[in-house]
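Reviewing the structure listed below.
Since every read-out is calculated from the coordinates, none of them should be taken as a lab result. Everything numeric here is computed off the predicted structure, so don't read it as measured data. Heads up, the Cβs are rebuilt from the backbone with ideal geometry, glycines too, and the neighbour counts pull from every protein chain shown.
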Amino acid sequence: MGLKPDSWIRKMSLEHGMIEPFVEKQVGKGVISYGLSSYGYDMRVSDTFKIFTPNPYNAIIDPKHMDPRLMFEFKGEVCIIPPNSFALAVSVEYFRIPRDVLTLTVGKSTYARTGIITNVTPFEPGWEGFVTLEISNTTPLPAKIYANEGIAQVIFLEADEPCEVSYADRAGKYQKQQGIVLPKVQEE
């Protein structure tokens with residue numbers, strides 16, 4: 001398995017639609033950077049968020065039965081995440097992952113240095129969709145997230161051979177997701 005450079009990411013995106021829209025160079029003047037980097041791609045966060053609210057229902061967070069009343073929807077250029085809270089968001093870019101590629105995603109250092117952590121699970125071989133981003137404010141202060149700017153870097157790892165069963169083959173529950181997708185358990 002090997003790390004893929006910018007030339008491979010550019011080719012796969014322009015010729016095969018791996019990342020759409022694709023920004024061919026790093027954009028960084030006056031914004032949190034996004035676009036193609038040396039060995040990855042810095043994706044952007046869109047202007048659509050679901051922010052956790054105070055818990056008036058004495059609810060418990062349950063990944064098998066997420067109560068949508070615990071979040072409120074927000075659309076705007078700057079999202080404020082309350083202290084010690086969390087928001088879900090969605091990427092600007094749509095990804096199509098080849099059958100012989102796995103990605104790892106890490107938060108941008110600009111956010112990490114302010115106590116804002118972005119979590120994204122790996123994009124499995126054959127997965128495609130907009131990315132649901134988990135953004136945590138670990139600080140005791142409100143935190144700003146800037147829409148349409150960089151939020152996390154995707155690193156592409158290519159295997160020596162394609163996988164036997166891809167995410168698409170097994171009809172993964174988050175395949176071709178649109179918008180912010182809440183946690184769900186696959187039906188039996």
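Among the candidates ALA147, ALA112, the residue that is within 26 Å of VAL27 (Cα to Cα), of a type in the set (Gly, Ala, Ser) and surrounded by 15 or more Cβ atoms within 10 Å (Cβ to Cβ) is uniquely ALA147. Residue check: is ILE117 among the β-branched types (Val, Ile, Thr), crowded, with 20+ Cβ neighbours inside 10 Å and assigned to a strand (DSSP E or B)? The answer is no for ILE117.
Condition first: out of contact with any Asp or Glu (no Cβ under 8 Å at 6 or more places or on another chain), assigned to a loop (DSSP other than H, G, I, E, B) and surrounded by 19 or more Cβ atoms within 10 Å (Cβ to Cβ). Can you find one or more residues in region 155-168 that meet it? Checked against the condition, which is being out of contact with any Asp or Glu (no Cβ under 8 Å at 6 or more places or on another chain), assigned to a loop (DSSP other than H, G, I, E, B) and surrounded by 19 or more Cβ atoms within 10 Å (Cβ to Cβ), region 155-168 yields no hits at all. Inspection of region 87-96 identifies no residue that is more than 13 Å from the chain's Cα centre (by Cα) and of a type outside the set (D, E, K, R). Counting residues in region 145-160 that are over 25 Å from SER38 (Cβ atoms), touching a Leu at 6+ places or on another chain (Cβ under 7 Å) and either of a type in the set (A, V, I, L, M) or in contact (Cβ under 8 Å) with a residue 24 or more places away in the chain (or both) gives zero. Looking across region 80-101, just one residue is among the aromatic types (Phe, Trp, Tyr), surrounded by fewer than 20 Cβ atoms within 10 Å (Cβ to Cβ) and under 23 Å from SER33 (Cβ atoms), and that is TYR94.
Listed here are the residues, each with its yes/no results for (1) part of a loop (DSSP other than H, G, I, E, B); (2) free of Cβ contacts under 8 Å to residues at least 40 places away in the same chain.
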residue: SER13; (1), (2): no, yes
residue: GLU24; (1), (2): yes, yes
residue: MET43; (1), (2): no, no
residue: THR48; (1), (2): no, no
residue: ASN55; (1), (2): yes, yes
residue: ASP62; (1), (2): yes, yes
residue: ILE80; (1), (2): no, no
residue: SER91; (1), (2): no, no
residue: LEU104; (1), (2): no, no
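Within region 5-54, if we keep just the residues that are crowded, with 18+ Cβ neighbours inside 10 Å and among the basic types (Lys, Arg), the residue that is farthest from THR103 (Cα to Cα) turns out to be LYS50. For LYS64, the conditions (1) closer than 22 Å to ILE145 by Cα; (2) exposed (fewer than 12 other Cβ atoms within 10 Å of the Cβ) all hold with the exception of (1).
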